[in-house]
Amino acid sequence: MKGKTTFKLPFLLFLTLFCLAFGQKNDPKDKIVFGKVYSLEELRKANGFVRCASSEYEAMLQQKDPKRMTEQQFEDWIGPLIANAQANKSQNGGIITIPVVVHVIHSGQALGTAPNITDSQVQSQITVMNNDYRKLAGTPGANSSPVGADTMIQFALAKVDPKGNPTNGVDRVNLCQAAWATSAIDSYVKPLTIWDPTKYMNMWSVQFSNADLLGYAQFPSNSNLAGLNANGGYADTDGVVANYATFGSSAYNDGTFLLNAPYDRGRTMTHEVGHFLGLRHIWGDSTCGTDYVADTPTHRTSNGGCPTHPKANNCGTADEMFENYMDYTIDTCMNIFTINQKDRMDAVMNNSPRRMELKTSTADMPIPLFANDAELKGEKSCEQTACADSPAPITAQFSLYNRGTSALTSAVITYTVNGGAVQTTNWTGNLAQDKYAIVSIPTGATTGSVSAQITSVNATTDQRASNNASSVVLGNIVPVSSTNFKFELQLDYWGSETTWNIKNSAGTTLYSGGPYTDVVNPGTNPPPALMTQNWVLPINDCYTFTINDVAGDGIFEYDGYYRILNSAGTVVAAGNDFTDTQERKFKVVGALSTNEVSKDKNTAGVYPNPVSDVLNVTNVANNTKYEIYNAVGQIVKTGSLEDQKIRVAELAKGTYFISFKNDKKAEGVKFIKK
């Protein structure tokens, strides 16, 4: 017995140590962002916050994409370009103005209620960045350092949107979810909302699921020059993200700001935009590391709070530059970019894809404005009742913006529900330029869509027709022209905890997966590769996707996520922020199914194709209902055919699909709007 005991204890001890070394999860109190566990020392410096997760984000991108440049490859590329910029200052003699769009992500809160921050809070962030990047005298961005630089880079909120209509550069988006994990931001929020990153620097104000995270950015990509990595990085995630409570500066508070000290002076975004423009942390993310900048002193590690000079370290530095925007000190302590940091940003702006295109973007230039101009924008329907046993009628919501120079006091809006009779709603109020109001339209419907259009404003004709029409898909409806879907699953290290399935309305399991294999040496080895499956989901049915985690801690802390995409690549369901289980329901309806196509030789036709204004329809009876879908499967217009003509002048340029349905047949035709 004694011998057995002697044998068992070492074995159990070995087993315990093995589990601790290779299988143990981190304490729930640990801060984990992009797979990195932050030490107590790191958190102490930043008052318990994760100040910046850009380096961890870059490491994650490199793990997921082996073609992406490593840090050393990026430095080998940028080094000669910096030297060239220093030798040829004339190429950087002018001031660069970068157009900015700020996507304010919320879940239906009223303006000024977290996280739906006000326009003035957004503008205060742009003001702070201009103070800091231009080293403006009389502002907190000024300094007297001999190496302090005016970077000659400044920022302006966009004045024209991707469709050519006026904007104030603030894009408010209701995504029906209060808080977001970082992996969901990258897999869902960014691709869904991003504006062309060659014309706009995209900034996102969000509420993080991890309340201790302040922000992160995507580093610039390489130049695609001969002999270098051809991968250009991720265009649909490019930009900078910050917690709404750090977006802006309390120094400009008009009484509406939602900010938390000591990170309430806008320096989170000054710091993150520095990464966006190629700057690294001043301590090089390692003890006595390098930021590849000649005129910044070597730091032992990051600094928190606001130290005092001199701050010597054991790296041979007599004093540290803790006021540098690329350190971790509190907002009121920061006030310097250096000359060589400017050189680095110049090289990026002159050579890196999407950064160099920003120099020639005119999205910040004003366009002619009219006195009477209103914009209608459909708001995402957050009602998830399409698959309920007794679904309730849904109220559609539209945002009505004043894009004119005169106050907007009235608007007449006509609308149709599921292509039915034209109805009218009248709005009255008083909106200053670029302000908005929510217009609610009771539909009496539980599924389908609402198409609406402004017909007059201020008792006169709206002077800009291109921003007058919009639509709302009611509930969790997925209109498709193909029944092919793709499922993506990014597991965390502990795949054995995860299972999932998708069922139809009859409760039949169509697809399922898990449990999976755990990763050996989590943290040292990368997480599992992204899993993909191709599904076929028949139309006119409801589907329930369920994912489970038996440990009750989900997959989000280690950047796991799932999403379901239609054949056009549009995300129709996604998630990751859950504990033991999460469920997503949606209904698939068809724009056109192959078994619905009429065998009649007199099939529907349209002309001219391409079309600019009026689409003529042949072989379709009057009063037949039609639906027009864009290239990603979204309904953009519905109605009933009159005189075999459909006006499409308000549609943006692109490829569309129009379906016709009556009690005898269903047909569809593609057309191009030029």
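The values are calculated or read from the model by the stated rules, or taken from the named source; none is laboratory data. Small disclaimer: the values here were computed from a predicted structure and weren't measured. Every residue, glycine as well, gets a Cβ built from its backbone with ideal geometry; the counts of neighbours run over all protein chains shown. When the accessible area is computed, the model is the full protein with side chains, heavy atoms only, and any ligands, DNA or RNA have been set aside. Shrake-Rupley method; radii C 1.70, N 1.55, O 1.52, S 1.80 Å.
Give the ranking of Ile153, Ile330, Ile339 by solvent-accessible surface, highest area first, calculated with a 1.4 Å probe.
My answer, sorted largest first, is Ile339, Ile330, Ile153.
Within the set Lys163/Lys587; Lys585/Lys674; Lys190/Lys645; Lys435/Lys585; Lys359/Lys637; Lys380/Lys673, which residue pairs have Cα atoms separated by over 28 Å?
Lys163/Lys587; Lys585/Lys674; Lys190/Lys645; Lys435/Lys585; Lys359/Lys637
Shape of segment 357-409 from its Cα gyration tensor (a ≥ b ≥ c, root eigenvalues): rounded if a/c is under 1.5, otherwise prolate when a/b > b/c, or oblate?
oblate
For Cys306, Cys333, what's the largest-to-smallest order of accessible area, 1.4 Å probe?
Per-residue accessible area, sorted high to low, gives Cys306, Cys333.
From the square roots a ≥ b ≥ c of the eigenvalues of the alpha-carbon gyration tensor of segment 259-359, which class results: rounded (a/c under 1.5), prolate (a/b over b/c), or oblate?
Oblate, because a/c is 1.5 or more while a/b does not exceed b/c.
Rounded, prolate or oblate: pick one for segment 112-212, where a ≥ b ≥ c are the square roots of the eigenvalues of its C-alpha gyration tensor, a/c under 1.5 means rounded, and failing that, prolate if a/b is larger than b/c, else oblate.
prolate
In square angstrom, rounded to the nearest 10, how much accessible surface does Leu192 have for a 1.4 Å probe?
Estimated to the nearest 10 Å², Leu192 gives 80 Å².
Using 7 Å Cα-to-Cβ label points, what is the Thr544/Asp196 separation (nm, one decimal)?
Once both label points are built, they end up 4.5 nm from each other.
Return the sequence-ordered ³J(HN,Hα) values of segment 419-432 in whole Hz as given by the Karplus equation 6.51 cos²θ - 1.76 cosθ + 1.60 applied to θ = phi - 60°, using x for Gly and Pro.
Computed from phi, the couplings for segment 419-432 are x, x, 5, 6, 10, 10, 10, 10, 10, 9, x, 7, 10, 6 Hz.
Give me the accessible area per residue for segment 400-514, probe 1.4 Å, as a whole number in Å².
The answer is 38 Å² per residue.
Suppose we take every Cα in segment 395-442 and form the convex hull; what volume per residue is that in Å³?
Roughly 72 Å³ of hull volume per residue.
Residue by residue, what Karplus-based ³J(HN,Hα) values in Hz, rounded to whole numbers, does segment 261-272 have, using 6.51, -1.76 and 1.60 with θ = phi - 60° and x for Gly and Pro?
Values, residue by residue: 6, x, 10, 10, 10, x, 7, 4, 6, 4, 5, 5 Hz.
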